[in-house]
Protein chains: 2
Amino acid sequence: MNLLLFPEQALSTEGILQVSGVQLQHLRNVLRSSIGDTIRVGKVNGSMGTGRVIEIDERRAVIDVTLDQSPPPKLALTLLLALPRPKMLRRILRMVAELGVGELHLINSYRVQKSYWQTPILEDASIENYFMQGLEQARDTCLPSVNLQRRFKPFVEDDLPDLVSGKRALVAHPGDYPPCPGPAAPLQHTVLAIGPEGGFIPYEIDMLQAAGFAPISLGPRILRVETAVPTLVAKLC
Amino acid sequence: MNLLLFPEQALSTEGILQVSGVQLQHLRNVLRSSIGDTIRVGKVNGSMGTGRVIEIDERRAVIDVTLDQSPPPKLALTLLLALPRPKMLRRILRMVAELGVGELHLINSYRVQKSYWQTPILEDASIENYFMQGLEQARDTCLPSVNLQRRFKPFVEDDLPDLVSGKRALVAHPGDYPPCPGPAAPLQHTVLAIGPEGGFIPYEIDMLQAAGFAPISLGPRILRVETAVPTLVAKLC
């Protein structure tokens, strides 16, 4: 996607769009668009298609937009991820949207430093911004939903039973566990939990198992969270 | 792995190791090791095991090392990767070692900027450094082999036939191709080619197909190289 439009950005009834600001800079400086060029356009949480550049100068661009395609379907996967440290969180948020995960829960864990919850990256507008970068990369328009679960025990006890009901629930954890299985049966949804650097503690694994999660292993190599996320998503979906 | 030893770092016949410099700093400042602690130790391209800290101060650490385990086996995968831009290259090198890829060829492509080949990241000592970071993360000791293929056509015409002989050869390319298959049969080796941002050009795809590569697709989402590498490795291995 070259240009992902916010819900409030209106097209004229003839499909004419005017852009300025950051989007104009992107068209001029990154895409180096000129009159007559065709670019990929999508609307956040809406359809996508193409745009033909009719006018472009330092003040504005005028684009003739046709939104006639549906975004790709989301993966049948809910991701529960122990909140990563801020530097990694940015990349993880982009990657979650890029991979097509529809629902993300950032959860607390004993090995998540309390300070991580203070990062401005977790502000709504910031999360949306990183998600949009991932969507643009992947040619998708639909923002994942995101939930911040700052307390592990109430989340696992009160929210997880509904969340995993009728679904395949797995927790990736280093150790002598069965290997990560392959894709679920069609229409079967998977809930995948991934711990922090250093892993969930035994008490947390016990609680997740009591909530119906089966531990799985990725083998002898211990992967960073950034590598484990796409690896697990690829195997499970 | 907490401490990965260079080949030239000798243990005494009793398995006693003295460390100083960067490794000592890592023990003191990152691992915060103190006397009696047990750490994970490995020898580059050799065996791995544990070390007990006997002495540690600002000048040196003395560690009683037992190397009694084999490193995990490498994946049955050779990776051909169009040289990424330098910023991404660092992370890719770490990730290649972390994932257990045994053989990497960084290759040229029409869409690889010539300047990318000038980066100091490609110097031997630098590549080894990033590989070692990946190995330490993954608890492995064996450096991948790496080849720089600065010219596409001679590489494909002269080197690829031997490289793919008897192997499953696949090129990941966006488009209307069959989906990425699952793991190969046991003992079957896979050679996987991944293009640059923007993809291989049609001429390059034609040449790879002529060399026996079958194009495969990851679906409607266009993934960054950093996400595509673990995704493809996970599906194929």
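In the set (1) at pLDDT 95 or above; (2) in contact with a strand residue (DSSP E or B) (Cβ under 7 Å, 6 or more places away or on another chain), A:GLN23 fails one condition alone, (1). Within segment A:85-104, the residues that satisfy the criterion of being under 24 Å from A:ARG151 (Cβ atoms) and open to solvent by less than 10 Å² (accessible area, probe 1.4 Å) are A:MET88, A:LEU89, A:ILE92, A:LEU93, A:VAL96, A:VAL101, A:LEU104. Looking across segment A:65-78 at every residue that is open to solvent by less than 90 Å² (accessible area, probe 1.4 Å) and within 14 Å of another protein chain (Cβ to nearest Cβ), the one that is farthest from A:LEU122 (Cα to Cα) is identified as A:GLN69. For segment B:79-101, filtered to residues that are within 11 Å of chain A (Cβ to nearest Cβ) and not β-branched (Val, Ile, Thr), the residue that is farthest from the chain's Cα centre (by Cα) is B:ARG91.
Considering each of B:PHE152, B:PHE200 in turn, give the residue that is touching a Lys or Arg at 6+ places or on another chain (Cβ under 9 Å) and either more than 12 Å from chain A (Cβ to nearest Cβ) or touching a residue at least 24 places away in the same chain (Cβ under 8 Å) (or both).
B:PHE200
Within segment A:34-57, the set of residues being within 28 Å of the chain's Cα centre (by Cα) and either of a type in the set (Ser, Thr, Tyr) or open to solvent by 70 Å² or more (accessible area, probe 1.4 Å) (or both) comprises A:THR38, A:ARG40, A:ASN45, A:SER47, A:THR50.
Residues checked against (1) of a type in the set (S, T, N, Q); (2) modelled with pLDDT of 95 or more; (3) closer than 29 Å to A:ARG91 by Cα; (4) touching a Phe, Trp or Tyr at 6+ places or on another chain (Cβ under 9 Å):
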site: B:GLN149; (1), (2), (3), (4): yes, yes, no, yes
site: B:GLY175; (1), (2), (3), (4): no, no, yes, no
site: B:PRO196; (1), (2), (3), (4): no, yes, yes, yes
site: B:ILE205; (1), (2), (3), (4): no, yes, no, yes
site: B:PRO215; (1), (2), (3), (4): no, yes, yes, yes
site: B:THR227; (1), (2), (3), (4): yes, yes, yes, no
site: B:VAL233; (1), (2), (3), (4): no, yes, yes, no
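Of the strands (runs of 3 or more DSSP E) lying entirely inside segment B:1-44, those containing at least 3 residues that are of a type in the set (A, V, I, L, M) span B:3-5, B:16-19. Which residue, of B:VAL62, B:VAL146, B:VAL112, is touching an Asp or Glu at 6+ places or on another chain (Cβ under 6 Å) and more than 14 Å from chain A (Cβ to nearest Cβ)? Within the list B:VAL62, B:VAL146, B:VAL112, the selection yields B:VAL62. Report yes if A:VAL164 is touching a residue at least 40 places away in the same chain (Cβ under 8 Å) and over 25 Å from B:GLY100 (Cβ atoms), otherwise no. Considered against the rule, which asks whether it is touching a residue at least 40 places away in the same chain (Cβ under 8 Å) and over 25 Å from B:GLY100 (Cβ atoms), A:VAL164 comes out as yes. Within segment A:17-30, being out of contact with any Gly (no Cβ under 8 Å at 6 or more places or on another chain) and surrounded by 15 or more Cβ atoms within 10 Å (Cβ to Cβ) holds for A:GLN18, A:VAL19, A:GLN23, A:LEU24, A:HIS26, A:LEU27, A:ARG28.
The values are calculated or read from the model by the stated rules, or taken from the named source; none is laboratory data. Everything quoted here is computed from the prediction, not taken from an experiment. Every residue, glycine as well, gets a Cβ built from its backbone with ideal geometry; the counts of neighbours run over all protein chains shown. All accessible areas refer to the heavy atoms of the entire protein, side chains included, with ligands and DNA or RNA removed. Shrake-Rupley method; radii C 1.70, N 1.55, O 1.52, S 1.80 Å.
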